[in-house]
Every structure is written in C-alpha cells, then in structure tokens.
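The values are calculated or read from the model by the stated rules, or taken from the named source; none is laboratory data. Keep in mind it's a predicted model, so treat the numbers as computed, not measured. All Cβ positions, glycine included, derive from the backbone under ideal geometry; neighbour counts span all protein chains shown. For the accessible areas, the whole protein counts, side chains as well, though only heavy atoms, and no ligand, DNA or RNA atoms are used. Shrake-Rupley method; radii C 1.70, N 1.55, O 1.52, S 1.80 Å.
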Amino acid sequence: MPRMPGATGPKVTPVDDAPTPEALWAKFIDAIGGEEAIQRSGSRRTKGRFEVPMAQIKGSMETISKAPDLMVMTIDLGPAGVTRQGFDGTYGWTVDQAMGERLLEGEELDDLRRSGDITGSADFVKRASKATTLGKADFRGRETWVVELEGLFTNPATFYLDSNDGLIRGLRMTSKTAMGSIPVEIEVTDYKPLGKELIATRNISRLMGMEVIMTTDEVITEEIPASEFEPPAAIKALIEAKKQGAGAPAGGNTPAAPPSGTPKGNGGVAP
C-alpha cells in the first residue's frame, strides 16, 4: 500500500542561501519550454484517462479551458456514470448522475475559480500572496526544493520542484469538499512534449486512503465555442434561482472526482 498524505509531508531540511521561489519558478518555466510556450490566451482541449485502481474504476476524461478562466471537466466512467464540473467566470458547479447537481460556494468555489486559469501552474508564484522556499526534501525518491505558496488556494500549498531539472514533481495541500477538508498529495510524472510545452502526462492524487490517476493523452490548442462551456439546464436553473435571491438548493455530495488540484498543462499542475 503506498503511503498516503497525512498531517505532515516529507522531512524538509533548511538550506542557507536557498534559491528564491521566483528563481525556482523561472527555472521551471524554462524547463517546460520558456515563456513563449505558455498559453495565456485562446482555448485548450485536453483528453485523457481517469482511474481509481482500488475501486476498479476506469474511464475517459476531457477538460476544456478558455482564457481567462472558463473551464469544464467531464469524466465518463461508463456504467458508473458521468461527472461534470465547471466554472463560467462567476459560478462553479458540479453534476453527478448518482448524486445530482449543485452550485459550489465558499472555499470550494474559490479553489475551482483558480483551477480555471488557462496558464496553469506557470503563474503560481505571481498569483500567490506569499511565497517561501522552505528548503530541500526527498519527494518520492527525488531531491526537490520545497516551496510553500499562500493565497493561491484556500489553504497554503507545498510544491516540490526537482533540484536538477526544475520540474514540478508534486504538491501537497488541503482541499475543501462537501465531505470536509481533505489532505491531498499529487505526484506529477511522465513529462512529455505536447505542442510547444513539456507537460506532465500522469498525475496521481492520493487522498482518503486511495489513489486517483489522471493520464493526459492529447492536448489540442483550438478555438472552442462558448456553447461548450454552458452548464446543463438544471445548473442554469440553480444559477437563475441564486440570481433571484432564492439561493441554491442543497445538492448531492461532491462527485467522485479528484479535488481542485487537477492538472491541465503548463507543467501538468493546475489546482
């Protein structure tokens, strides 16, 4: 059984004169192709696979993103149903065939709003309110620099950047869901050139004693019509009710999808 994230992560050893977070992120950006490779406008379609080995669940996954912050993720698990999650610039929502529809609020909405940014992890340091290099740590067999970012997500997130090639190898954070706050570790692996960027094509989220594996097979830079970002009719009804001041009825629980720490290009991580 692989070790799962808990209250503490890998042991961090402080280092005198450690690189600044800005310097480490500049090295990361160079490693994935440089500033010219980072998509900051237009739209992107990412296709891949979704798997929960412990539950013997497999399916397909597609994420569409459009600058500045539109996003819809669809996970099709066949007999287990289809899960969709999206952000339209103002409202965040989830739909699950087994548990219904609901609007996201509070910390869940904040995390999803950030995940909709098409630049992915490239601008994380710029967007953080505080960034600190904590030192070095062994992250699943790799020597990494450890950087803590605050103000990027609801809670501080700890990133592990390879001390040799500069690539992000993982992160640890606490994700807010309908089931409460859940500690999550995301391992970022299998970097491959897709388009102009070097992208992590395999991401393993470890949470609640299980692994959720997301594999990217294809990244397509294309113009995506606005209609593809429209939420389903039931979600539109919830949005209209909220606009009218009626509030959003309590829906089901969070769908069986990974937390808002899911990857989508620019190095593979976009919580």
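Screening the stretch 47-70 for residues that are of a type in the set (A, V, I, L, M) and more than 17 Å from residue 222 (Cα to Cα) and picking the one that is surrounded by the fewest Cβ atoms within 10 Å (Cβ to Cβ) gives 54. Please work out which residue is farthest from residue 216 (Cα to Cα), limiting yourself to the stretch 72-96 and to residues that are among the small types (Gly, Ala, Ser) and open to solvent by less than 10 Å² (accessible area, probe 1.4 Å). The qualifying residue farthest from residue 216 (Cα to Cα) is 92.
Yes/no matrix, rows are residues, columns are (1) under 29 Å from residue 105 (Cα atoms); (2) among the acidic types (Asp, Glu); (3) surrounded by 15 or more Cβ atoms within 10 Å (Cβ to Cβ):
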position: 182; (1), (2), (3): yes, no, yes
position: 186; (1), (2), (3): yes, no, yes
position: 191; (1), (2), (3): no, no, yes
position: 197; (1), (2), (3): no, yes, yes
position: 201; (1), (2), (3): no, no, yes
position: 204; (1), (2), (3): yes, no, yes
position: 207; (1), (2), (3): yes, no, yes
position: 211; (1), (2), (3): yes, yes, yes
position: 218; (1), (2), (3): no, yes, no
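Taking residues in the stretch 62-79 that are assigned to a strand (DSSP E or B), and partners anywhere that are of a type in the set (Lys, Arg) and open to solvent by 40 Å² or more (accessible area, probe 1.4 Å), the pairs with Cβ atoms closer than 8 Å and at least 6 places apart or on different chains are 62/47; 72/84; 73/84; 74/84; 75/84. I'd like to check something: does the stretch 33-43 contain any residue that is at pLDDT 95 or above, β-branched (Val, Ile, Thr), in contact with a helix residue (DSSP H, G or I) (Cβ under 9 Å, 6 or more places away or on another chain) and surrounded by 10 or more Cβ atoms within 10 Å (Cβ to Cβ)? The answer is no; no qualifying residue exists.
With 26, 18 as the choices, which residue is surrounded by 15 or more Cβ atoms within 10 Å (Cβ to Cβ), part of a loop (DSSP other than H, G, I, E, B) and at pLDDT 95 or above? Steps first, please.
Values: 26 fails: part of a loop (DSSP other than H, G, I, E, B).
Going through 26, 18 in turn, the sole match is 18.
Residue-level analysis places residue 235 among those that are farther than 29 Å from residue 160 by Cβ, modelled with pLDDT of 85 or more, over 15 Å from the mean Cα position of the chain (by Cα) and surrounded by 19 or more Cβ atoms within 10 Å (Cβ to Cβ). With respect to residue 103, determine if the residue is assigned to a helix (DSSP H, G or I), under 30 Å from residue 78 (Cβ atoms) and either at pLDDT 80 or above or in contact with a His (Cβ under 8 Å, 6 or more places away or on another chain) (or both). Taking the combined requirement at face value, the residue does not satisfy it.
The criterion of at least 3 residues that are under 13 Å from the mean Cα position of the chain (by Cα) and closer than 22 Å to residue 119 by Cα is met, among strands (runs of 3 or more DSSP E) falling completely within the stretch 136-197, by 168-177, 180-194.
Looking only at the stretch 115-168, how many residues end up being basic (Lys, Arg) and modelled with pLDDT under 95?
Here is the first cut: in the stretch 115-168, the residues basic (Lys, Arg) are 126-127, 130, 136, 140, 142.
Filter once more, so that each one left must be modelled with pLDDT under 95: 126-127.
Of the residues in the stretch 115-168, 2 are basic (Lys, Arg) and modelled with pLDDT under 95.
Restricting 111, 117 to those that are open to solvent by 20 Å² or more (accessible area, probe 1.4 Å) and either within 19 Å of residue 231 (Cβ to Cβ) or in a loop (DSSP other than H, G, I, E, B) (or both) reduces the list to 117. Quick check: is even one residue across the stretch 167-178 surrounded by fewer than 21 Cβ atoms within 10 Å (Cβ to Cβ), in contact with an Asp or Glu (Cβ under 7 Å, 6 or more places away or on another chain) and farther than 23 Å from residue 62 by Cα? No, the stretch 167-178 has no match at all. Taking the criterion of being of a type in the set (Asp, Glu) and surrounded by 17 or more Cβ atoms within 10 Å (Cβ to Cβ), the residues of the stretch 131-166 that qualify are 148, 162.
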